[in-house]
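Taken together, the values in this text are just the output of simple stated rules run on the coordinates, not laboratory data. On a predicted model such as this, the values are computed, not experimentally measured, just so you know. With ideal geometry, Cβ positions are generated from the backbone for all residues, glycine too; neighbour counts draw on all protein chains shown.
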Amino acid sequence: MTSKRIVSGLGLLLGAGLAAGQALALEGDAERGEAAAGTCVACHQADGSGMNVPGGQSWPRLAGLDAGYIAKQLHDFQAGRRQNASMMPFANMLDDQQIADVAAYYSQLPATQGDGGDVDEAVLARGEQIAMRGDWDEYIVSCKSCHGPGNQGVGGTFPGIAGQHAGYIESQLRAWQAGERSNDPQNLMGAIAQRMSDEDITAVAAWLASQPAADE
Ligand code: HEC
Ligand code: HEC
C-alpha cells in the first residue's frame, strides 16, 4: 500500500484533494454491506466477479476494488455525474451508510480474474505497449503511470484495471471518448481516451484483462 502510494506525485496531489473532500466519509461495515448487496448479485454476481459481455454492456468486477473508489462511483451515479441506465436505479436505492457498507463488503472480497475474450498475440503486444510504456507519438501516457506498476490500482483515486473485464474497460474508454462518462474531476481519462484509436482501445482492454487482478 505505502509503496503504491508513492507511484506518482500526481496521484498524491489528487489523493490529497479527494481525501479532504471525503472527510465526512462514513465507516463501512462489510457484514451489513453483504445484506445491502442482495440486489447487486444479479449483475455483479455473488462473488463480485461481474461478467464480460463482448461488444455489449459488461458488468464490472467489484471484488477487491478499493472501498473509497467504489463509494465514489456510487455517489457519482446517485448525483448523475456518472450515468448508466442499468446501474443508476440500484445506486439510488442506497443511503450514504449503505454505500459505505457495500463498498466495504466488495472491497474485502478476493479479487477475481477478468475475461479478455479471444485476441491474437499482435493485438496483445500493442495493448501491453500502451499500458506499460505508452505511445509518445500519439501522446498517450502509459496506463501504469497512474494505475500503478501492475495497473492494480493506487488508493481510492486510481482504480485497479488489471484483470477487469475487457468489455467493461472498452465501454468505459468509449464513454470517455464520447464525453458520456465525465465524473473524473480532472478529466484525466477523457483526455487520454480521446487520443486513442478504436484498435488501441480494443488492444489495451484485452491485454489488461489478461493481467492478474489484485486486492487493493
Ligand atoms: C442490472 C444490472 C446491475 C445491477 C443489479 C447492479 N449493477 Fe452495478 N453496474 C452495472 C453496470 C452495467 C455497470 C457499468 C456502468 C457503466 O458502464 O458506467 C455497473 C457499475 C457499477 C459500479 C462501478 C464500478 C467501477 O469499476 O467503476 C459500482 C461500484 C456498482 N456497479 C455497484 C453496484 C451495487 C452496489 C449494486 C447493488 C446495490 C449494483 N451495482 C447493482 C450493472 C448493475
Ligand atoms: C493521468 C492519470 C491516468 C492515466 C495515465 C490513466 N488513467 Fe485511467 N483513470 C484515472 C482516474 C483518475 C480514474 C478514475 C476516474 C473516476 O474517478 O471515475 C481512471 C479510471 C479508469 C477506468 C475505469 C475503471 C473502472 O473500474 O471503472 C479505466 C477502464 C481506465 N482508467 C483505463 C485506463 C487506461 C486503459 C489507461 C492507459 C491507456 C489509463 N486508464 C491511464 C487516471 C488515469
The set of residues whose placed amide H lies less than 5 Å from the amide H of residue 140, leaving out same-chain residues fewer than 5 positions away, is 135
With springs only between Cα atoms under 10 Å apart, run a GNM on the chain and tell me which of 93, 132, 51 wobbles the most. 93
Descending packing, highest mean Cβ count within 10 Å first, for 154-160, 74-80, 64-70 is 154-160, 64-70, 74-80
Beyond 16 Å, the calculated P(r) of the range 81-143 holds a percent of Cα-Cα pairs equal to 70 percent
How large, in Å, is the chain by the Kirkwood hydrodynamic radius built from its alpha-carbon pairs? 17.3 Å
P(r), alpha carbons of the range 121-210 - 5 Å bins starting at zero, rounded %: 3, 16, 25, 31, 20, 4, 1, 0
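Loop-only check: which chymotrypsin sites (Phe, Trp or Tyr not before Pro) in the range 115-216 are DSSP coil with at most 11 other Cβ within 10 angstrom? Write out the running numbers ahead of the final one.
Numbers: sites: 136, 139, 168, 176, 207; in loops: 139.
For chymotrypsin sites (Phe, Trp or Tyr not before Pro) across the range 115-216 that sit outside H, G, I, E and B with at most 11 neighbouring Cβ atoms in 10 Å, the list reads 139.
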Between residue 84 and residue 53, with labels modelled 7 Å along Cα→Cβ, what's the label distance in nm to one decimal, could you check? 1.0 nm
